[in-house]
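Read the figures in this text as sums done on the coordinates, not as results from a lab. None of these values were measured; they are calculated from a predicted model. Counting neighbours? That spans all protein chains shown, and the Cβs are built from the backbone with ideal geometry, glycine included.
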Amino acid sequence: MDTLYEDVAKLMIERKRCVALTGAGVSAESGISTFRSRGGLWEKYDPAVYASIEVFRRDPSKYWSIRGDFIRDYDSYQPNNAHLALAELEKMGILQSVVTQNIDGLHTKAGSKRVIEVHGTIREINCLKCRKQYIAPHVPEGTPPYCESCGGVLKPNTVLFGEQLPPDALMNAQNESLICNVMLVIGTSANVYPAAALPELALQHGAAIVEVNIERAFPSVDYYLGEKAGTALPKLVDEIRKQSSYSIS
Ligand SMILES: [Zn+2]
C-alpha cells in the first residue's frame, strides 16, 4: 500500500466528518454511460431537445424515447465497488453523507443511508397531474407513459435543463460542505453548478479536499488519487480498517 493511501486514511480518521461528492465517473463502472463523456448520451442526442423541461412539456415522448429503457431496466443496474465502499465508510462512522450529481439511485442501492441527490433521482416517477408516484422499474407502458389513475403524463423526479434544482437537496448539500472536515471529490470534474461550488465552499471553511479521478480536475487539492473510484475507494477502506485496528490495540 503506498503512503498516499496511508496519509489519506489517517486524515479521514483524524478529522472525521467526511463528505463525498460524487459524479458520473462513479457510476461508469456500473455500465451507466456518462452524459458528457465521449460516446455519452448527449453526443447522440441534443440535451436542449431531449432533456429540457420546455420540450418535455410540449412533447414528453422525446425524453421518454431515450430514457424509458433505462427506467424500465432499472433493476439490471447494480452498484459497483465504489458505491459499496462509500456505504461501508458510512457504516464505519467515517463518512457522514454522500452528495451526488448522479440520478441513478445506486448509492441508495449500495446501502448508503444519507444520500443527497442534487439533480434528483430517476427512481421516482411522478404524475404531473395528480402527483401519484411510481417507483422504477414499475412504470406503465408507453412513450410517454401515462398515469394509471388520472391519465396525466409521468415525469421522473430528475432535474431537466431549464428546471430548478430541488431546494432541500441543494441546501443540505451546502450545509454538508460547510461543516465537513474532509471532502472526497469522486468521479466528477465538478464543473457544473451547483457541484462546482461545493468543494470551494468546503475549502473556504477549512476542509481538506481529496480528489479521486482518473484525470486530475482540481490542480490545488490536498490529495489526489489518480485511479478509478472502484479501485481507489476499496483500497482506502482497507487502509482505514488497518489503521483503526492499530489505534484500538
Ligand atoms: Zn395521475
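In table form, for the structure just shown:
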read-out	value
Residue (of 164, 150, 115) at the positive-pole extreme of the chain, dipole from beta-carbon charges	150
Amide H partners (placed H, <5 Å) of residue 212, local residues excluded	185, 186, 187, 225
Among the listed pairs 113/155; 16/113; 91/132; 16/242; 16/109; 44/228, those beyond 27 Å (Cα-Cα)	91/132
Alpha-carbon centroid distance for the pair segment 67-122 / segment 164-229, whole angstrom	17 Å
Whole-percent pair-distance distribution, where bins are 10 Å wide, for the alpha carbons of the chain	7, 31, 33, 19, 8, 2, 0
Solitary cysteines of the chain, where the nearest other Cys Cβ is not under 4.7 Å	18, 180
Karplus-derived HN-Hα couplings along segment 51-62 (A = 6.51, B = -1.76, C = 1.60, θ = phi - 60°), whole Hz, x at Gly and Pro	9, 9, 5, 5, 5, 4, 5, 6, 8, x, 5, 4
Inter-label distance for residue 179 and residue 231, nm, one decimal - labels placed 7 Å from Cα along Cα-to-Cβ	3.6 nm
Most to least packed among 101-109, 75-83, 131-139 [average Cβ atoms within 10 Å]	101-109, 75-83, 131-139
Built amide H within the under 5 Å cut-off of residue 205, gap 5+	none
Packing-based exposure ordering (other Cβ within 10 Å, fewest first) of 218, 56	218, 56
Listed residues 169, 48, 190, most fluctuating in the chain (Gaussian network, C-alpha, under 10 Å)	48
Antiparallel DSSP beta bridges within the chain, as percent of all bridges there, nearest 5	30 percent
Amide H contacts under 5 Å for residue 114, placed H, 5+ residues apart	98
Burial ordering of 49, 237, 185, fewest other beta-carbon atoms within 10 Å first	49, 237, 185
